[in-house]
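Working notes, structure below.
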Amino acid sequence: MAPPMKIIFGLLTLVTVGMIIGALSQLAFIRKLEDSYDTDSRPFRRLRELGSNGYIQLPRGLNFWNNDEEAKILRLGYIKPEVLSWSPRIILLHNFLSIEECDYLRAIALPRLKNSTVVDKATGKSIKSGVRTSNGMFLSRKERKYPMVEFNLKRGGQRIATMLMYLTDNVDGGETYFPTAGSGHCSCGGEIVQGLCVKPTKGNAVLFWSMGLDGQSDPNSLHGSCEVLSGEKWSATKWMRQAFHT
């Protein structure tokens with residue numbers, strides 16, 4: 001091998017080894033933070049103090065994680081936010097849940113699945129739908145004591161945003177479809193349609209807002225689910241609402 005080629009090969013090897021060491025160091029640091037995370041820290045104490053009938057009141061325009069340095073570090077290079085649309089506001093969060101978290105949510109849900117219902121516009125009661133078909137369940141009060149699912153402590157008010165978390169892979173079809181988002185075309189259950197489609201990928205989550213920045217309902221947030229052609233689509237949904245009103 002010619003000397004210049006040996007030098008180039010050596011440099012490439014050095015860079016590759018450096019990248020591997022850097023990635024392993026980052027993973028080790030993240031694991032160390034996870035293992036040493038203080039569940040008695042101020043955010044978690046605040047959650048426990050609120051009980052089951054309270055709300056976390058956040059200052060307008062401030063991020064919940066602004067004063068949490070550990071949370072900032074944990075999100076570096078792991079959860080990848082991707083803005084899909086500004087009107088309506090849709091953000092895809094890659095690697096939002098771990099494989100273990102996805103499997104855990106499926107395991108606790110499977111024995112308690114029931115036919116999902118929709119709200120009858122005439123009566124306001126829950127009824128079965130021949131069009132929108134799925135099985136679902138709600139977490140019990142005891143299960144909501146986990147910090148991950150206790151953030152929304154009381155149901156009430158207009159829905160502001162929705163977090164849809166995908167729990168399975170190997171699904172053909174089953175995209176989340178926003179017909180009025182964007183100006184392009186996408187595949188929805190094997191059909192090419194106008195709008196924006198989000199493919200269900202295990203661990204990913206899509207966050208979208210039902211309200212605009214003016215506080216009014218955003219009709220462009222209209223969404224639905226495309227036909228599942230093969231496999232099983234599992235998802236977990238978190239609704240975020242305004243403070244309770246009468």
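The values are calculated or read from the model by the stated rules, or taken from the named source; none is laboratory data. Predicted, not measured: the structure shown is a model, and the values here were computed from it. Cβ sites come from the backbone with ideal geometry, for glycine too, and all protein chains shown count toward neighbours.
Table for the structure above
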quantity	calculated
Single condition THR168 does not satisfy, out of (1) part of a loop (DSSP other than H, G, I, E, B); (2) farther than 19 Å from ALA109 by Cβ	(2)
Odd one out for ASP214 among (1) crowded, with 16+ Cβ neighbours inside 10 Å; (2) at pLDDT below 90	(1)
Some residue of the stretch 224-231 being touching a Gly at 6+ places or on another chain (Cβ under 6 Å), closer than 22 Å to LEU105 by Cα and not β-branched (Val, Ile, Thr)	no
Filter result (polar (S, T, N, Q) and either under 24 Å from ARG241 (Cβ atoms) or free of Cβ contacts under 8 Å to residues at least 12 places away in the same chain (or both)) within the stretch 177-207	THR180, SER183, ASN204
